[in-house]
Amino acid sequence: MATTIKAIAAKAGYSQATVSRLLNNDQTLSVTAETKNKILKVANELGYWQQEKKTPIKLPLALLYRVNGAEHIQDEYFAYLKKALENVIKERKLELTTFTSIKGLIAKADLYQGFLGVGTAEITEKDLQNLHQVLANGVFIDINPAPQLFDSVQPNLGLAVEDALDRLTQKGYQRIAFIGAESFNLDGASQRDIREIRFRETARLKNIKEAKVFAQGIVSVKNGYRLCQKMLQECKDNLPEALIVSSDTLSVGVLQALNEADVKVPQDIAIISINNNDVSQYMSPPLTTYNIDQTEMGKLALDMLLGRIRDPHRPNLHLEMNTNLIVRKSFS
């Protein structure tokens, strides 16, 4: 049965005239943001846009942007991702309001049809559950803190590591080390990152007998420096021929430690990194690194969110997007 203006008006609690004018994009209609959003939510719940061939009216969306401010290079990655999202939103002529606090978004949830989540600052399972109760339409980008509650779009980092090992072994490298950080669940407990997991699995399948792993702590320049020093101490008599580093942020510290130890890149150790942060092309030597297309991730996330808004009862979706290698002097 087709969803009617009358049915939407009855469930939303507004007149048929108000609902009709709003859904037909009457620019002379003056209603509060709360009224507009409530009518839109009911229209979505009843499947109005699925039966209508017209383009839905402009939707108010929120951006949950969470960075900790403690690590400039890591935060810069998310700043660029935020900018890419804002450009995509502008191109689509949609409305986007930024929140840096999940509690702030929860308090204003009635004003929005859905949200996009960016950043890795601390967040609790309870806060995510509370957000889902008031704003269930959400897509997290680059991370996936609550797959049971929200959709996500992420780069396929495991495949990047597998590809890096393929390239290194094809060049004849056999002593290969991995430097990375830990992942942390919502309870704060550490766990193996997918990049480390894929390195271990692929190295075993390729029968790389001299594969080493140095993966602890957080993603930071300081930790990259510390982990590389640990590698140099433990492998001083038999250094790896190549390194796969899980992020450009860690790679900055790795290159500092190698430089201090007078280990030349790529003559003594080749390096492949991940992220393609702006800083990667200015390092000495410039980093060969896997590029994450942030604009494309933004487009995919927005399409996923709009699909969720128009069909709020569909199952959650989790999409992985491939990366591409940018070859520079650290490995060629």
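Extension gain, Lys126 to Lys209: 0.36 nm times the residue separation minus the Cα-Cα distance gives 25.5 nm. Every helix of 4 or more DSSP H residues in the chain counts as -39500 (n - 2.57), and over all residues that averages to -13000 deg cm²/dmol at 222 nm. For segment 104-189, a simple Cβ point-charge model (Lys and Arg +1, Asp and Glu -1, everything else neutral) yields a dipole of about 260 debye relative to the Cα centre. Summarised as an ellipsoid, the chain has semi-axes of 47, 17, 17 Å, derived from the eigenvalues of the Cα gyration tensor scaled by 5 and square-rooted, with the largest first. Accessible area per residue for the chain is 48 Å², calculated with a 1.4 Å probe on protein heavy atoms, without ligands, DNA or RNA.
For the chain, the fraction of 1.4 Å probe accessible surface lying on carbon and sulfur atoms is 47 percent.
What the Cβ-Cβ distance of Gln191 and Tyr80 gives, at R0 = 22 Å and to the nearest 0.05, is a FRET efficiency of 0.25. Distant-in-sequence amide contacts of Val67, defined by a placed amide H-H separation under 5 Å and a gap of 5 or more residues or a different chain, comprise Ala121.
Lys/Arg Cβ at +1, Asp/Glu Cβ at -1, dipole of the chain taken about the Cα centre: which of Gly47, Asn87, Cys228 is farthest positive-ward? Ranked along the dipole, the leading option is Gly47. In nm, to one decimal, how far is the modelled label at Glu91 from the one at Thr28, with both set 7 Å along Cα→Cβ? In this crude label model, Glu91 to Thr28 measures out at 3.6 nm. Sorting Arg192, Arg167, Arg308 by accessible area puts them as Arg192, Arg167, Arg308; the probe is 1.4 Å, largest comes first, and only protein heavy atoms count. Working from Cα pairs under 8 Å separated by at least six residues, relative contact order for the chain is 18 percent. Computed extension length for Thr98-Lys230: 43.5 nm, one decimal, from 0.36 nm per residue of separation with the Cα-Cα distance subtracted. Rounded to the nearest 20 debye, the dipole magnitude of segment 78-134 is 200 debye, with +1 charges on Lys and Arg beta carbons, -1 on Asp and Glu beta carbons, and the Cα centre as origin.
Report the residue, chosen from Gln256, Gln233, Gln174, that carries the largest GNM mean-square fluctuation when the chain is represented by alpha-carbon nodes joined by springs under 10 Å. The residue that fluctuates most here is Gln233.
Scattering from segment 166-245 was approximated by placing one identical point on each alpha carbon and applying the Debye formula without solvent; log10 I(q)/I(0) at 0.16, 0.23 1/Å stands at -0.62, -1.11.
For segment 315-321, backbone phi angles converted through the Karplus equation (6.51, -1.76, 1.60; θ = phi - 60°) give residue-by-residue couplings of x, 5, 10, 9, 10, 10, 10 Hz, Gly and Pro being listed as x. What you get for the chain, charging only the Cβ of Lys and Arg (+1) and of Asp and Glu (-1), is a dipole of about 840 debye around the Cα centre. Placing one equal scatterer on every Cα of segment 129-206 and applying the Debye formula, the log10 ratio I(q)/I(0) at q = 0.15, 0.18, 0.21 Å⁻¹ is -0.66, -0.82, -0.98. In plain terms, the chain from Phe184 to Met321 could stretch by 47.1 nm, reckoned as 0.36 nm per residue minus the Cα-Cα distance.
Taking the DSSP bridge list for the chain and keeping only pairs wholly inside it, about 15 percent are antiparallel. Compactness of segment 255-332, taken as the C-alpha radius of gyration over 2.2 N^0.38 Å, stands at 1.61.
P(r) for segment 159-316, from all Cα pairs and a bin width of 10 Å, is 10, 36, 32, 14, 6, 2, 0 %, short bins first. Secondary structure note: in segment 160-224, about 25% of the DSSP beta bridges are antiparallel. Out of every Cα-Cα pair that segment 198-267 contains, those further apart than 19 angstrom amount to 33 percent.
What residues have an amide H closer than 5 Å to that of Asn322, excluding those fewer than 5 places away on the same chain, when H is modeled at 1.01 Å from N in the peptide plane? HN-HN under 5 Å from Asn322: Asn156.
The values are calculated or read from the model by the stated rules, or taken from the named source; none is laboratory data. The model shown is predicted, which means the values in this text are computed figures rather than measured ones. Positions of Cβ are backbone-derived with ideal geometry, glycine not excepted, and every protein chain shown enters the neighbour counts. Just the protein is used for accessible areas: all its heavy atoms, side chains included, with ligands, DNA and RNA removed. Shrake-Rupley method; radii C 1.70, N 1.55, O 1.52, S 1.80 Å.
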